[in-house]
Amino acid sequence: MKVYAINGGPRKGKNTDQMLDSFIKGIAETREDAEIEKVYVYDLKASGCKSCYGCRIKTLDPGQCIVKDGSYELLRKVKNCDGIVIASPIYWWDVTAELRGFLERLFYSMTAMSEDKKRHIETAFIYTMNQPQEVMEKKFTPHFDALDLFMEDAFGTKPERVYSFETLHFDDPNRFVGFSKDLFDYRTKHKEDQFPVDLQNAYDAGRRMAEKL
């Protein structure tokens with residue numbers, strides 16, 4: 001059983017990465033046969049879709065992106081996996097630009113495959129953000145809904161969503177503009193209370209994906 005865990009954020013070991021690791025742990029502790037490969041999109045040094053239509057050329061391999069940069073091998077291998085979990089911090093209401101570029105190529109190439117070659121692949125998204133849940137529901141949800149639709153079209157499943165709200169990004173608010181000590185103190189307390197719950201939610205979602213597989 002092969003699962004790809006894709007981190008679309010730039011910070012290793014921080015909030016998004018910890019949430020993804022907890023999801024991975026949920027899979028690994030549920031299925032002994034799970035082979036989980038973790039990938040950092042920022043390490044791929046790749047571009048977004050170039051609209052070259054190479055993935056749709058009949059004489060080549062429909063469904064395979066032909067741009068041979070850092071995403072090429074991952075895009076080739078993902079087609080044959082059993083599960084995909086994608087994690088990202090939210091920048092300006094949406095996933096990171098690096099992840100967005102990868103998803104453009106992933107979705108476009110997957111939808112170029114013939115129906116007889118497509119596989120049912122379990123999927124999930126993990127979103128971390130410094131906004132409260134009510135702001136996400138009011139402003140960000142349309143972006144997440146669109147990604148769900150693209151994912152379902154590509155892989156035949158609607159992804160489960162896991163969230164972490166009002167995250168803490170740094171240790172010293174005095175170094176940065178726009179962050180008061182009151183906000184920093186609130187976020188520090190919030191993380192102490194809530195982040196362990198968020199990590200457990202990610203772990204439980206990983207177990208659910210493993211059980212579906």
Quiz item: Given the pairs K50/K138; K50/K212; K77/K138; K38/K212; K45/K189, which span a C-alpha to C-alpha distance of over 30 angstrom in this model?
Solution: K50/K138; K50/K212; K77/K138; K45/K189
Exercise. Enumerate the amide H contacts of Y163 below 5 Å, restricted to partners 5 or more residues apart or on another chain; note that Pro and chain-start residues carry no placed amide H.
Key: Y127
Quiz item: Which ³J(HN,Hα) values, rounded to whole Hz and listed in residue order, are derived for the range 30-43 from phi using the Karplus coefficients 6.51, -1.76 and 1.60 in 6.51 cos²θ - 1.76 cosθ + 1.60 with θ = phi - 60°, glycine and proline given as x?
Solution: 9, 10, 5, 8, 6, 10, 10, 10, 9, 10, 9, 4, 5, 7
Practice problem: Provide the percentage of antiparallel DSSP beta bridges, counting only those with both residues in the range 49-207; round to the nearest 5. | Solution: 10 percent
Quiz item: Quick one: what Rg and Dmax do you get for the chain from the alpha carbons, in Å?
Solution: 17.9, 61
Self-check item: Phi to ³J(HN,Hα) by Karplus 6.51 cos²θ - 1.76 cosθ + 1.60 over the range 58-64, Hz, x for Gly, Pro
Solution: 4, 7, 9, 10, x, x, 10
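Only the coordinates and a few stated rules stand behind these numbers; no lab work does. This structure is a prediction, so every number in the text was calculated from the model and none was measured.
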